[in-house]
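FYI, it's all coordinate maths here, none of it is from the lab. Note that the structure is predicted; figures quoted are calculated from it, not measured. Here the Cβ positions follow ideal geometry from the backbone for every residue, glycine too, while neighbour counts run over all protein chains shown.
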Amino acid sequence: MAKTARLLIRNIGHLVTMDAERTVLRDAWLLAEDGVIRSVGTGPLPRVSGAERVDARGGIATPGFINTHHHMFQNLARAFGPISNLPLLPWLAGHVPLWRHFTPDDLWIATQVACAELMLTGCTMTSDHHYLFPRDGSVAMLDAGFEAAAEMGIRYVGCRGSVNEPSDIMPEWSTQDLDVILADCQRLHDRFHQTGRGAMAQIAFAPCTVFGCSGEHYRESARLARNLKVRLHTHCGETVPENRDSMERLGSRPFTYMARHGWEGDDVWLAHGIHFSDREVAHLGRTRTGVAHCPCSNMRLGSGVCRVNDLRKAGSPVSLGVDGSASNDSGHMLNEVRQALLLTRVVHGAGAMTPMEALELATLGGARNLGRAADLGSLEPGKCADLAIFPIEDLFSSAAENPVDGLVLCHARTVDTLVVHGRVRVAEGRLIDIDLPQLLLQHGRAARRIHKGYSR
Ligand SMILES: [Zn+2]
């Protein structure tokens, strides 16, 4: 019989459980066995033999954050001058030419860098919406994303993005035929998708937007996804021009159009979801369709403010996403939590969101939208041992009266320790087994090559 792998974390100053009562334990410990939380508590440590022991040094432990919207390849175009000051559609049209000769090797590097950023800022599970498949390029593009994430040791949902109709924004070379897209969805599912509690790698099907994806594309993707029991992800309601153009071209607003093709329900989560009418909010809530809120990107592109509280009140689960690093321009997950709180308060006042509610979006909300409410999102016995431990304070949070509030309200910090499925992946603030300086050298080289080929 295989030996049980035990992990005992002690000296946790504040343990944010995210249980139903939102209990925060003081001076706590956590015991995991084979990747699953066996018990949490305060007072004397449980007697266990052969456990790996971690000293949390009085830090703040939270459930691992769950990032529900990203385009990892875009970290090769951070702060890219020619598009730095444009709104969504010109911004998108402006950066597409960068990727004409994008390869799986580029995606591998970008994925590792994106995962490093996320892990060092508290994230234990991430999705990556990859919609870039040069028509004449490798067929095995997203395979590189799965492999790179597995090496980092983060939970990963590869969202197989796609575009099947050329437009002013997405040229012919960046589109694929629908049968090619669906065949690749099936292939990736068969190769990488895990099921059940504790799954480390999963697939979702993710047509890019109503611009570039036909009705048949949405309908057939939903049909295949439901046959295979995988989730559905796409962009929706990000900007006012998107709604207007959709009315003109398709005769309905994007969400109505998508819903008509089966894109509603608790297996669907939509990125951004900013410009919804009251009726659409009610529809989303009634059908339990989820929304990934991306505050930094929405501010950066000047897109608008997601109706987080209205959506939640209506019954639509809301999670957080850092979005692609060409519109953020980094992937700092704790910072995203902070910005979610600040942005909601800008519109609705200081009482509109508490630090605990902002943390909920990144933990319980993320688990819900990625279909993992049963095994992720809180630190309770039976859930997976996915957690972040942040230092109790640093210069920018020194002497915070309420350290858990301070985690969100003060300048966003990085983790001391990160644990994914009971495995320590960050210790003393450093990624284990990852040569970060070497990775950044490769990243710089790949970015320079891509920038050099840019022409419009
Ligand atoms: Zn996006």
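Share of Cα-Cα pairs in region 39-156 beyond 17 Å, in percent?
In whole percent, the share of Cα-Cα pairs in region 39-156 beyond 17 Å is 65.
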Tell me, how many Å apart are the Cα centres for region 147-215 and for region 266-332? 20 Å
Find the relative contact order for the chain and round it to a whole percent, using C-alpha pairs within less than 8 Å whose residues are 6+ positions apart. 21 percent
How high is the relative contact order of region 251-325, in percent, counting Cα pairs under 8 Å that sit 6 or more residues apart? 32 percent
Which ordering of 401, 172, 147, 360 is given by a fewest-first count of other beta-carbon atoms within 10 Å? 401, 172, 147, 360
Quick one: 146, 65, 390, 276, fewest Cβ neighbours within 10 Å first, how do they rank? 146, 276, 390, 65
Measuring from the lowest to the highest alpha carbon on each principal axis, how far does region 65-369 reach, largest first, in angstroms? 52, 45, 44
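Fewest Cβ neighbours within 10 Å first, please rank 256, 68, 111 accordingly.
Details: 256 17, 68 33, 111 30.
With the sparsest Cβ surroundings first, the list reads 256, 111, 68.
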Using 0.36 nm per residue of separation minus the Cα-Cα distance, give me the extension gain between residue 3 and residue 151 in nm, one decimal. 51.0 nm
Where both residues lie in the chain, what percent of DSSP beta bridges are antiparallel, nearest 5? 45 percent
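If the viscosity is 0.692 mPa s and the temperature 37 °C, what Stokes-Einstein diffusion coefficient in µm²/s follows for region 1-100 when Rh is the Kirkwood radius over Cα pairs?
Details: Rh = 17.4 Å.
This corresponds to a translational diffusion coefficient of 189 µm²/s.
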Report the Cα centroid-to-centroid distance between region 1-70 and region 216-257 in angstrom, as an integer. 40 Å
Which residues does a label at residue 409 reach in region 345-363, if reach means a backbone N under 20 Å from a point 7 Å past the Cα toward the Cβ? 345-362
Work out from phi, with θ = phi - 60° and the Karplus expression 6.51 cos²θ - 1.76 cosθ + 1.60, the ³J(HN,Hα) of each residue of region 400-413, listed in order in whole Hz, and give x for Gly and Pro. 4, 5, 10, x, 6, 4, x, 4, 8, 7, 7, 3, 5, 9
Residues of region 199-233 with amide N under 19 Å of a point placed 7 Å along Cα→Cβ from residue 247: 210-211
With just the Cα atoms of region 142-285, tell me how far they stretch along each of the three principal axes, in Å, largest first. 44, 36, 27
If I take every Cα pair under 8 Å that is 6 or more residues apart in region 203-360, average their sequence separation and divide by the length, what percent do I get for the relative contact order? 17 percent
Could you work out the helix-only [θ] at 222 nm for the chain, with each DSSP H run of four or more residues adding -39,500 (n - 2.57) and the total divided by the number of residues, to the nearest 500 deg cm²/dmol? -10500 deg cm²/dmol
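With +1 assigned to the C-beta of every Lys and Arg and -1 to the C-beta of every Asp and Glu, and no other charges, what is the dipole magnitude of the chain about the Cα centre in debye, to the nearest 20? Don't skip to the answer; put the middle values down first.
Values: 47 positive and 50 negative charges, 70 e Å.
Here the size comes out at about 340 debye.
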Length released on extending from residue 435 to residue 395, taking residue separation times 0.36 nm less the Cα-Cα span: 11.7 nm
In Hz, Karplus ³J(HN,Hα) per residue of region 428-441 (6.51, -1.76, 1.60; θ = phi - 60°; x = Gly, Pro): 6, x, 10, 5, 7, 6, 10, 8, 5, x, 5, 4, 5, 4
Using 7 Å Cα-to-Cβ label points, what is the residue 352/residue 260 separation (nm, one decimal)? 3.2 nm
Suppose each label sits 7 Å from its Cα in the direction of the beta carbon; what would the residue 101-residue 451 distance come out to in nanometres? 1.7 nm
At a Cα cut-off below 21 Å, give the lysines reachable from residue 3, other chains included and same-chain residues fewer than 8 away excluded. 383
